[in-house]
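**Student:** For reference, the structure I am asking about is given below.
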Amino acid sequence: MAFAAAGVLSGSAAPPDPPATDGVWRTDGYGTLLVLGGHALREYQTTSVSCVEGDSARRTGPGRYVTPDGTLLTVRTAPDGEHARLTADSSVGHRRLTRVRALPADCTRAPSSDPRAAFDVLWQTFEENYPFFARKGVDWHAVRDRYRPRVHRDTTRAQLFDIFSRMLRPLYDAHVAVRDGDRVLAEVRPGTEQPSEELDAEVKAYVVTRDLEGAVHRQDFGAGRITYADLRGGLGYLRISGFGDYAGDDAPYTMDQAELDRALDTVLTPGRTRSLRGLIIDLRVNGGGSDALGIRIAARLTDTPYTAYAKRARNDPADATRHTRPEPVPVVPADAPRYTGPVAVLTGGSTVSAGETFTQALLDRPGRTVRIGQPTQGVFSDVMVRDLPGGMVCALPNEEFLTRTGRTFDATGIPPQVTEPVFTEEEFAEHRDSAFDRAVTLLRPRG
């Protein structure tokens, strides 16, 4: 590509052509329109009854944009100029785009402040995008019939939040939420506990004093979210409490990736990858984060390329069984020292989101891999965040992560192969960690 020196172009010269990505694009699934141009990317969240302007990103180069939280977005057009694909550096897979002629007129109108408009947008957003009503046993149309008559022009924000909470709570979906300022409704699967900083700190302290007391070496990385220890008997222990925030709260993905690579390079040295007889990966309290970081770890655990899972999104507003074409997500061996020996993965109900997609990425890992503990939470999708008229925000999933046989684990979670209690009151009271002890027994060579 040639560049003209500053001041060379005359005033009569033709202006430079706009980037090939400029224009209006509709995503396949995701209920979204994107407007590219004017050094920015603007998002419009659409349903059949609404169009609400959402987030924006700043253009940093041809087809490249950065969001306020530092996520790098890349848009690449197909040769026909009518199709493109969108990639986010912290996510896996792509979103397919189709060029449309113009932004609909609805997208240029100010949103209504009527509480009934907020209700309609929330209900329609779930109606057109949520894939799991049947699996959850929820009749969403009956929910509308029950609650829509309770919303009036003079319904207060607090009353509307309470109505939304009653509508969404029965889904018991950790990726479903509604927020109004400091008030947040989010529910986990019954019988499980939402990961939190307090739970993570409590469990980490217990593990360090109980399981790692006799460790030969222990080291923390990623702002304490990654812990590695050499155990006696030639085993290694890797605890991961999240896939992000390694470089500090709200750090961009590139910084988290660099910190993760530093941790993996420190842990998986050539000598250790040769000498380890088994590796315990503890995900029992893992709040999720970037699926791409999980794939990056999986790439250090194999010498053979394989498929982690295939990702698809619901894309027919009228039919919850219709989806985008499944996109395989590969695991490619990293160009760095790799450990390929036996692995035991510890999971529980507080293994959430990216903690689960990482677990799923190890299902077909070449080499011996065993899952121990309890089923994971059962939420895999990226989270769609939607702004509602009046100022509230809701969130929901719209994707599925498929195994090579087409199975998904939404709602139920990924089951263990070896069932053991995970951080129950009885385990704490009797100073036990049955899942960890079972992993040590299964991995430690006999004789």
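**Student:** Which of (1) more than 24 Å from the chain's Cα centre (by Cα); (2) modelled with pLDDT under 95; (3) not hydrophobic (A, V, I, L, M, F, W, C) does D55 not meet, given it meets every other one?
**Tutor:** D55 satisfies all of (1) more than 24 Å from the chain's Cα centre (by Cα); (2) modelled with pLDDT under 95; (3) not hydrophobic (A, V, I, L, M, F, W, C) except (1).
**Student:** Does region 234-273 hold any residues that are among the polar types (S, T, N, Q) and surrounded by fewer than 16 Cβ atoms within 10 Å (Cβ to Cβ), and which are they?
**Tutor:** Listed by number, the residues that qualify are T254, T266, T269.
**Student:** Would you confirm whether or not region 314-329 contains a residue that is within 25 Å of D261 (Cα to Cα) and within 17 Å of the chain's Cα centre (by Cα)?
**Tutor:** Scanning region 314-329 turns up at least one residue that is within 25 Å of D261 (Cα to Cα) and within 17 Å of the chain's Cα centre (by Cα).
**Student:** Next up: Only one residue in L160, L168, L212 is surrounded by 13 or more Cβ atoms within 10 Å (Cβ to Cβ) and within 30 Å of R432 (Cα to Cα). Which one?
**Tutor:** Working: L160 fails: within 30 Å of R432 (Cα to Cα); L168 fails: within 30 Å of R432 (Cα to Cα).
The match here is L212.
**Student:** I've got another one for you. Would you mind finding the one in T424, T412 that is surrounded by fewer than 18 Cβ atoms within 10 Å (Cβ to Cβ) and touching a Gly at 6+ places or on another chain (Cβ under 6 Å)?
**Tutor:** Going through T424, T412 in turn, just one is surrounded by fewer than 18 Cβ atoms within 10 Å (Cβ to Cβ) and touching a Gly at 6+ places or on another chain (Cβ under 6 Å): T412.
**Student:** Need pairs with beta-carbon distance below 8 Å; first residue of a type in the set (A, V, I, L, M, F, W, C) and within region 251-265, second surrounded by fewer than 15 Cβ atoms within 10 Å (Cβ to Cβ) and not in a helix (DSSP H, G or I); sequence gap 6+ or separate chains.
**Tutor:** From region 251-265, the pairs are M255/G248; L264/A336.
**Student:** Restricting to region 202-233, name every residue that is under 21 Å from E425 (Cβ atoms) and in a helix (DSSP H, G or I).
**Tutor:** E202, V203, K204, A205, Y206, V207, V208, T209, R210
**Student:** Related question: Select, from T87, T125, the only residue that is assigned by TED's automatic domain parsing to the domain that holds R179 and either in a loop (DSSP other than H, G, I, E, B) or among the polar types (S, T, N, Q) (or both).
**Tutor:** Of the residues listed, the single one that is assigned by TED's automatic domain parsing to the domain that holds R179 and either in a loop (DSSP other than H, G, I, E, B) or among the polar types (S, T, N, Q) (or both) is T125.
**Student:** Another question, then. Looking at (1) under 27 Å from T71 (Cα atoms); (2) assigned to a helix (DSSP H, G or I), find the lone condition where L199 falls short.
**Tutor:** Condition not satisfied by L199: (1).
One line per residue, one yes/no per condition, for (1) touching a helix residue (DSSP H, G or I) at 6+ places or on another chain (Cβ under 8 Å); (2) without any contact (Cβ under 8 Å) to a residue 40 or more places away in the chain; (3) closer than 16 Å to A118 by Cα:
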residue: Y130; (1), (2), (3): yes, no, no
residue: F133; (1), (2), (3): yes, no, no
residue: K136; (1), (2), (3): yes, no, no
residue: W140; (1), (2), (3): yes, yes, no
residue: R144; (1), (2), (3): yes, yes, yes
residue: H152; (1), (2), (3): yes, yes, yes
residue: I163; (1), (2), (3): yes, no, yes
residue: H175; (1), (2), (3): no, no, no
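**Student:** Which ones in region 262-289 are in a helix (DSSP H, G or I) and either over 30 Å from G378 (Cβ atoms) or within 19 Å of the chain's Cα centre (by Cα) (or both)?
**Tutor:** Let us first name the residues in region 262-289 that are in a helix (DSSP H, G or I), namely 262-267, 270-275.
Across region 262-289, the qualifying residues are R262, D265, T266, P270, G271, R272, T273, R274, S275.
The values are calculated or read from the model by the stated rules, or taken from the named source; none is laboratory data. What you see is a predicted model, and the numbers here were worked out from it, not measured in a lab. Note that we place each Cβ from the backbone using ideal geometry, even for glycine, and neighbour counts take in every protein chain shown.
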